[in-house]
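Pasting in a structure now, in structure tokens, and then I'll have a few things to ask.
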Amino acid sequence: MPGSKLPVGMCPDMCPAAERAQRERERRLHRFEVDRGWTGDPPRADPQRTVKEYNRPAAGKLRPPPSQLRPPSVLLATVRYLASEVAESPNAPLAEVASFVADRLRAVRLDLVLQSAGDAETAVVLEAALATLLAVVARLQPVETRGPVDPVLLQTQVQESFGSLRRCYAQSAGPHPRQAAFQGLFLLYNLGSVEALYEVLQLPAALRACPPLRTALAIDAAFREGNAARLFRLLRTLSYLQSCAVQGHVGHARRAALARLARALSTPKGQTLPLDFMVHLLALDGPHEARDLCQAHGLPLDGEERVVFLRGCYTEKGLPPVGTCNVLVGSKLRGRTLEEVVMAEEEDEGVFRPS
């Protein structure tokens, strides 16, 4: 309302005590939030593990008081906890982890909207939340998205997270050291989108000249041109977060490259090609993935080491196989934890320092 002033969050915990008690009474605690040492019924909430859940604001509903809003420092600690403890849960299904993390990160963004916070600290929280969401979503396999998590909802939340962060960048003078990196992530996540490319090209020239954005623009160009050799060569050089952002396009890029090979090499008698060449060209995880990719598109094999491009055999049915993407994504962690990746500053070449 005109003249109204947003409050400052004062809740010191990841979940307000009132919500924690209510959800305990109503048996709405997630198993990630239950006190591990409690054996009674109903389950008891662990204040160190319970995280505020997303509650859609309704028309006419009063704004929550400051005691129900977490300040940016607590929100950042919450994102750290989700990245380090929940996202790395060893025995939990990835779909369950993704559903829980996405909901709690959505509540983090809502708390920021409902309070008065500085642009710099808001950007830091949104960056960490977006990085965590990208990494958690990238770990899901297509078969796992048919469980308790909706892939369309996850994609929508990623796009909303990009929107919140990019609006924060646009509405403040900065500086935001990681802006170039996250603008590049936006383009990589929306690879091939005319709208995303247009928005990136509207950024200041000094920002577009930063290495992360230059790389993202080069990858987008190679993807549009169908230059598979250049595309996958560039994809190999990306960081872990960049690889998580672009992972959703890898399967389609491999299918497009295989279709071009089929058009160029197919003959009535058949022409063979070593699977090792395809492994190198398409950055596959090994000959087994090359065989699976060829067989999924109707191409016969000649033994265990060569594929036969026979005219009329190539077909496309359903979504392209995604594969494990260890070469392009998983291997990029290099022994680091997800919290380290999410919270660490970008390398020097990825930091935008305005003159």
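The values are calculated or read from the model by the stated rules, or taken from the named source; none is laboratory data. What you are looking at is a predicted structure, and each value in this text was computed from that prediction instead of being measured. Here the Cβ positions follow ideal geometry from the backbone for every residue, glycine too, while neighbour counts run over all protein chains shown. Just the protein is used for accessible areas: all its heavy atoms, side chains included, with ligands, DNA and RNA removed. Shrake-Rupley method; radii C 1.70, N 1.55, O 1.52, S 1.80 Å.
Of the residues ALA102, ALA138, ALA181, only one is touching a Cys at 6+ places or on another chain (Cβ under 6 Å), under 15 Å from CYS244 (Cβ atoms), surrounded by 14 or more Cβ atoms within 10 Å (Cβ to Cβ) and hydrophobic (A, V, I, L, M, F, W, C); which?
Only one candidate qualifies: ALA138.
Just to be sure before I move on: is ALA196 aliphatic (A, V, I, L, M), at pLDDT below 95 and either open to solvent by 30 Å² or more (accessible area, probe 1.4 Å) or closer than 22 Å to THR132 by Cβ (or both) in the structure I sent? I'd like the intermediate steps shown before the answer.
Numbers: aliphatic (A, V, I, L, M): yes; at pLDDT below 95: no; either open to solvent by 30 Å² or more (accessible area, probe 1.4 Å) or closer than 22 Å to THR132 by Cβ (or both): yes.
When the stated conditions are applied, ALA196 does not pass them.
If you don't mind, another one. On the given criteria, is ALA129 buried (at least 23 other Cβ atoms within 10 Å of the Cβ), aliphatic (A, V, I, L, M) and part of a helix (DSSP H, G or I)? Before you say what the answer is, go through the steps one by one.
Working: buried (at least 23 other Cβ atoms within 10 Å of the Cβ): yes; aliphatic (A, V, I, L, M): yes; part of a helix (DSSP H, G or I): yes.
The answer is yes for ALA129.
In region 158-171, what residues are touching a residue at least 40 places away in the same chain (Cβ under 8 Å), open to solvent by 20 Å² or more (accessible area, probe 1.4 Å) and more than 14 Å from the chain's Cα centre (by Cα)? So that I can check it myself, show each step before the final result.
Here is the first cut: in region 158-171, the residues touching a residue at least 40 places away in the same chain (Cβ under 8 Å) are 160-161, 164-165, 168-169, 171.
Adding the requirement that they be open to solvent by 20 Å² or more (accessible area, probe 1.4 Å) leaves 160, 164, 171.
Across region 158-171, the qualifying residues are SER164, GLN171.
Looking at this structure, is GLY248 assigned to a helix (DSSP H, G or I), free of Cβ contacts under 8 Å to residues at least 12 places away in the same chain and among the small types (Gly, Ala, Ser)?
Numbers: assigned to a helix (DSSP H, G or I): yes; free of Cβ contacts under 8 Å to residues at least 12 places away in the same chain: no; among the small types (Gly, Ala, Ser): yes.
Judged against the criteria, GLY248 is not a match.
Go through region 206-231 and give me each residue that's open to solvent by less than 60 Å² (accessible area, probe 1.4 Å), assigned to a helix (DSSP H, G or I) and not hydrophobic (A, V, I, L, M, F, W, C).
Across region 206-231, the qualifying residues are PRO211, PRO212, THR215, ASP220.
Step by step: first the residues of region 277-314, then only those that are of a type in the set (Lys, Arg) and farther than 17 Å from GLY251 by Cα, then the one that is nearest to the chain's Cα centre (by Cα). Which residue is that?
At the first step, the residues of region 277-314 found to be of a type in the set (Lys, Arg) are 291, 306, 311.
Filter once more, keeping what is farther than 17 Å from GLY251 by Cα: 306, 311.
On the way: ARG306: 35, ARG311: 39 Å.
So, considering only residues that are of a type in the set (Lys, Arg) and farther than 17 Å from GLY251 by Cα, the one nearest to the chain's Cα centre (by Cα) is ARG306.
Another question, then. Any residue that is modelled with pLDDT under 95 and over 26 Å from LEU234 (Cα atoms) - is there at least one of those in region 273-294?
No, because not a single residue in region 273-294 is modelled with pLDDT under 95 and over 26 Å from LEU234 (Cα atoms).
Are any of the residues in region 76-94 charged (D, E, K, R), open to solvent by less than 40 Å² (accessible area, probe 1.4 Å) and out of contact with any strand residue (DSSP E or B) (no Cβ under 9 Å at 6 or more places or on another chain)?
Start the filter on region 76-94 by keeping residues that are charged (D, E, K, R), which leaves 80, 85, 88.
Filter once more, keeping what is open to solvent by less than 40 Å² (accessible area, probe 1.4 Å): none.
So far as region 76-94 goes, no, none of its residues is charged (D, E, K, R), open to solvent by less than 40 Å² (accessible area, probe 1.4 Å) and out of contact with any strand residue (DSSP E or B) (no Cβ under 9 Å at 6 or more places or on another chain).
Out of the residues in region 245-274 that are of a type outside the set (A, V, I, L, M, F, W, C) and within 19 Å of VAL322 (Cα to Cα), state the one that is surrounded by the most Cβ atoms within 10 Å (Cβ to Cβ).
So in region 245-274, the residues of a type outside the set (A, V, I, L, M, F, W, C) come out as 247-249, 251-252, 254-255, 260, 263, 266-272, 274.
Those still in the list that are within 19 Å of VAL322 (Cα to Cα) too: 247-249, 251-252, 254-255, 260.
Working: GLN247: 21, GLY248: 18, HIS249: 19, GLY251: 17, HIS252: 15, ARG254: 26, ARG255: 18, ARG260: 12.
Step by step, filter region 245-274, then rank; the result is ARG254.
When region 275-291 is examined, which residues are found to be among the acidic types (Asp, Glu), surrounded by 16 or more Cβ atoms within 10 Å (Cβ to Cβ) and part of a helix (DSSP H, G or I)?
If we filter region 275-291 for residues that are among the acidic types (Asp, Glu), which is where we start, we get 276, 285, 289.
Now narrow it down to the ones that are surrounded by 16 or more Cβ atoms within 10 Å (Cβ to Cβ): 285, 289.
GLU289, the sole residue that qualifies.
Give LEU203, LEU234 a once-over and let me know the one that is outside any helix (DSSP H, G or I), open to solvent by less than 50 Å² (accessible area, probe 1.4 Å), free of Cβ contacts under 8 Å to residues at least 40 places away in the same chain and within 30 Å of ARG166 (Cα to Cα).
Only one candidate qualifies: LEU203.
Of the residues ALA181, ALA138, which is of a type in the set (A, V, I, L, M, F, W, C), in contact with an Asp or Glu (Cβ under 6 Å, 6 or more places away or on another chain) and either under 30 Å from ASN227 (Cα atoms) or at pLDDT 90 or above (or both)?
ALA181
Just to check your reading of the model, which residue among VAL327, VAL307 is in contact (Cβ under 8 Å) with a residue 24 or more places away in the chain and either of a type in the set (Lys, Arg) or in a loop (DSSP other than H, G, I, E, B) (or both)?
On the way: VAL307 fails: either of a type in the set (Lys, Arg) or in a loop (DSSP other than H, G, I, E, B) (or both).
Just a single option satisfies the conditions, and that option is VAL327.
In addition: Looking at region 81-126 only, could you name the residues that are aliphatic (A, V, I, L, M), assigned to a loop (DSSP other than H, G, I, E, B) and within 14 Å of MET343 (Cβ to Cβ)?
Correct list: ALA87 only.
Could I ask something else about it? Could you tell me whether SER67 is more than 27 Å from ALA131 (Cβ to Cβ), assigned to a helix (DSSP H, G or I) and either small (Gly, Ala, Ser) or modelled with pLDDT under 95 (or both)? Talk me through it step by step, then tell me what you get.
Working: more than 27 Å from ALA131 (Cβ to Cβ): yes; assigned to a helix (DSSP H, G or I): yes; either small (Gly, Ala, Ser) or modelled with pLDDT under 95 (or both): yes.
Answer is yes for this residue.
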